[in-house]
1. For residue 105 and residue 85, what is the calculated FRET efficiency with R₀ set at 25 Å and r taken between the beta-carbons, to the nearest 0.05?
2. Do the sum for the chain: with -39,500 (n - 2.57) for every DSSP H run of n ≥ 4, divided by all residues, what is the mean residue ellipticity at 222 nm, to the nearest 500 deg cm²/dmol?
3. Taking only Cα atoms and a 10 Å spring cutoff, compute GNM fluctuations for the chain and point out the largest among 73, 60, 18.
4. Once you place label points 7 Å from the Cα toward the Cβ at residue 58 and residue 6, how far apart are they in nm?
5. Given a 10 angstrom Cα cut-off, can you work out which residue in 77, 58, 22 is the most mobile in a GNM of the chain?
6. Would you kindly state how much longer the chain becomes between residue 20 and residue 45 on full extension, computed as 0.36 nm times their sequence separation minus their alpha carbon distance, in nm to one decimal?
7. Starting from the Cα of residue 27, step 7 Å along the direction of its Cβ; do the same at residue 68; then give the gap between the two resulting points in nm.
């Protein structure tokens, strides 16, 4: 799928899932942030450990973390977990992304 299509989908989405790919890091994390979408991280190496110079340490302000192993074991329903994030918290996360993170990325 072309990057433009993916970013277009991110712009229409509130949460953007970021599972591990070929490597622990994901360009898609940055694509989702630039689109104003809240990244859902399943492995801390995907964004938290790899980019300390680009992304704030207080990752709970700009992303949702769900342990990948709990998803694999069926202990966490990702959709249900995301539904439980209060609207006010989602709005605050998106504001933080737009006003605090995005200016340093674009």
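1. About 0.65, to the nearest 0.05.
2. Details: 6 runs with 42 residues, N = 106.
That calculation yields -10000 deg cm²/dmol at 222 nm.
3. Checking each option, the largest mean-square fluctuation is seen for 73.
4. 3.0
5. Sorting by GNM fluctuation, first place goes to 22.
6. Fully extending the segment from residue 20 to residue 45 adds 8.1 nm.
7. 1.9
No value in this document is a laboratory result; all are computed from the given coordinates. As the structure is a computational prediction, the values presented were derived from the model and not from experiment. Reconstructed Cβ throughout: ideal geometry from the backbone, glycine too, with neighbour counts over all protein chains shown.
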